[in-house]
C-alpha cells in the first residue's frame, strides 16, 4: 500500500477494493503501474516477470502471487528432501538470467531448467537458460524431463582430449553421484571436411588434390587418437571409482553426440564448453551450443 500511496498520493487507500484492479480504481497510466510493479518486486524481494504483472494488478492478486512464489520454493525443497538432498532457499531481485549468472561464481554447479513456464512448448532453450549457459562461469546443468523410471541412470560423456575434457572428468567424479550409473565415454573423430563445411563428396572432388591412400591414412590417425582419448578418460574415471564403457564415432561431433544420446536413451549428456585452439578442436564451443540447444535429455556443460 505504501508503494501505491507514492504513486497516487491523493487517493484514500483505505477505500481500495481487494478484487478490483489498481489501474481501474486509481486511474493510473501504464507507466505508473510499471513503477508500482518494480517497486513491489524490490519490496518483496521476488522477481516479478513482465508476463506476471497482471497477477499483481489487485490486492487479491498480489497476495496470490506472493503465495505462489513462496510455494515454488517449498515444492522444490520438498522434492529434493524426498531424494535425500537438503536445500536452502535464496531470494534475489532482478533479471533472472543476470542474477543467476552473477551468483553462479559462488557455486560448483548451477542448475536451470531448459524452459520457464512461458516457453515450455518451444524448441531449444528458453531465454534464461540460453543466457545462463552462455555466460555463467563453471558448470551449468540444463535440466530436462527424465526418461522412464525404474532403470539404471545413463550418462553420456563427450571427450576430446582437451583441457575442457579433463575438467569434465573431474566434475563427474567430484560433483555427480553417478557411481551406480551406466556411463559411456564418446570421442568423435572430426573428419576434415566437417570443419571445412563440406560434405563427404569432398573425397571425390579431385583425384589430383586428394590422394585416397593419404586421406585414409589421415582418417586412421584420427581414429587412433579417438580410441586413445576414450581409453585415457576411462582409466581416469576408474581411478576415481567410476566404471565406464567407451565408444568412438566419425563425423560432425554435435550430430554424433546427439545421435548417440537419442539412440541410447541417455538421461544426461556431459560436455566441455571449450577445447584446444587448433584445427581439430576450435569448434568445440559451437558443438556444446548445438548439443545443449537440441539435446533430448539434460545436459551438463563444463567450462574451462
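The values are calculated or read from the model by the stated rules, or taken from the named source; none is laboratory data. It should be emphasised that the depicted structure is a prediction, and the values quoted were computed from it without experimental measurement. Methodologically, a virtual Cβ is constructed for each residue, glycine included, from the backbone with ideal geometry; neighbour enumeration extends over all protein chains shown.
Need the failing condition index for residue 292 against (1) in a helix (DSSP H, G or I); (2) at pLDDT 95 or above, just the number.
(2) is the only condition that residue 292 fails.
Could you grab me the full set of residues in the stretch 216-248 that are surrounded by fewer than 17 Cβ atoms within 10 Å (Cβ to Cβ) and either touching a helix residue (DSSP H, G or I) at 6+ places or on another chain (Cβ under 6 Å) or not assigned by TED's automatic domain parsing to the domain that holds residue 181 (or both)?
If the condition is that a residue be surrounded by fewer than 17 Cβ atoms within 10 Å (Cβ to Cβ) and either touching a helix residue (DSSP H, G or I) at 6+ places or on another chain (Cβ under 6 Å) or not assigned by TED's automatic domain parsing to the domain that holds residue 181 (or both), then 240 is the only one that fits.
Can you find, within the stretch 177-212, the residue that is modelled with the lowest pLDDT among those that are part of a loop (DSSP other than H, G, I, E, B) and crowded, with 19+ Cβ neighbours inside 10 Å?
Going through the qualifying residues, I end up with 191.
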